[in-house]
Amino acid sequence: MYDLKETDLSYEYLQKIFKESTKLRIALLGGWAVYFHVNENYKKAFGEDYLKSRDIDLFVDQNCEKEFKLIINSLEFQKSAYTFRYELIYDRAKNSIINSETSRKRPIYDLIYIFLDIFSNKTTKALGSWCIKELQKVQIKEKNKIPILDVNTLLLLKCNSFFEREKLDKEYKDACDIYSLLFYSSEELKLSREVIEACKKIVQRDDLQEFIADNVLKDSLKKSIVRRNVQSFSDDTTRP
């Protein structure tokens, strides 16, 4: 779905972040958290990794904000357009990270932007973050030595963003992530009203079903399977 260089670079830097943050209370959310939740079962089913992400979404406990800001500054992340967002700019031609001033002198096709979005349980001042109520009592799990958000909070946040997206590619990726959490996560799921509504949206949209079939099931002709599977969640409040 994304350029391989983009996802590889993103993965490299999320590993660097966690290597430097072992004593801090932080956790992955968003697409990378979905990847770590489902990849083991997905790989058993398809023989390859689940969809990787380009951007990094992180929960950072408010008490850790100053220490975490020092870490991402040392990794050359820069403040971006939003208060909760940092960015890493990579120059393909130079094979190196560059700053925003240098990037303005480079052709856009040579640049990769990796966004780091920060979410927190309380308002942060030094770091800047997006404070959302679902993270006030966050539970953190660990997969492959990477701290990630618990599956039910992650699924809820994915469903919320699914109804807020303005860009179609992000909406499509959310649909894939929701489907994969429902069918490839090993953990018990709580099917909230938000989850059921998200499933109804997928059932009502042929384009979403086809995209999931093509990118998750690896066969666009399996659209009817996607519809049938998701229908079982939109019609019932228990996992089949």
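No value in this document is a laboratory result; all are computed from the given coordinates. The structure displayed is predicted, hence computed values, not measured ones. Glycine also receives a Cβ, built like all others from the backbone with ideal geometry; neighbour counts cover every protein chain displayed.
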| request: Report the semi-axes of the equivalent ellipsoid for segment 151-240 in whole Å, largest first, where each axis is √(5λ) for an eigenvalue λ of the Cα gyration tensor. | output: 18, 15, 12
| task | Calculate how many DSSP beta bridges within the chain are antiparallel, expressed in % of all such bridges and rounded to the nearest 5. | result | 75
| request: Report relative contact order for segment 151-240 in percent, whole number only (criteria: Cα-Cα under 8 Å, sequence separation at least 6). | output: 28
| message | Cβ neighbours within 10 Å, averaged per peptide: list 34-40, 10-16, 175-181 in order, most packed at the top. | response | 175-181, 34-40, 10-16
| By how many nm would the segment from ASP169 to LEU111 grow when fully extended, if each residue of separation counts as 0.36 nm and the alpha-carbon distance is taken off? | 18.9 nm
| message | For the chain, take the longest principal axis of its alpha carbons; what is the angle in degrees between that and the long axis of helix 206-215, to the nearest 10 within 0 to 90? | response | 70
| How many nm separate the modelled label positions at GLU142 and ALA126, each set 7 Å beyond the Cα in the direction of the Cβ? | 2.5
| request: Under 20 Å Cα to Cα from LYS170, which lysines show up? Leave out anything in the same chain fewer than 8 places away. | output: LYS5, LYS52, LYS158, LYS200, LYS201, LYS218, LYS223
| Of [x] 1.13; [y] 1.03; [z] 0.95, the label for Cα Rg over 2.2 N^0.38 Å derived from the coordinates | [y]
| note | Between the Cα axis of helix 193-204 and the main Cα principal axis of the chain, the angle (0 to 90°, nearest 10) is 70
| Normalised by the number of residues in the chain, what is the relative contact order in percent for Cα pairs under 8 Å and 6+ residues apart? | 18
| said: Could you tell me the center-to-center distance, by alpha carbons, between segment 191-209 and segment 54-123 in angstrom? | reply: 32
| Peptides ranked, highest mean first, by Cβ atoms within 10 Å: ranges 182-194, 92-104 | 182-194, 92-104
| task | Work out the length of the dipole vector of segment 1-149 about its Cα centre, built from +1 on the beta-carbon of each Lys and Arg and -1 on the beta-carbon of each Asp and Glu, and round it to the nearest 20 debye. | result | 360
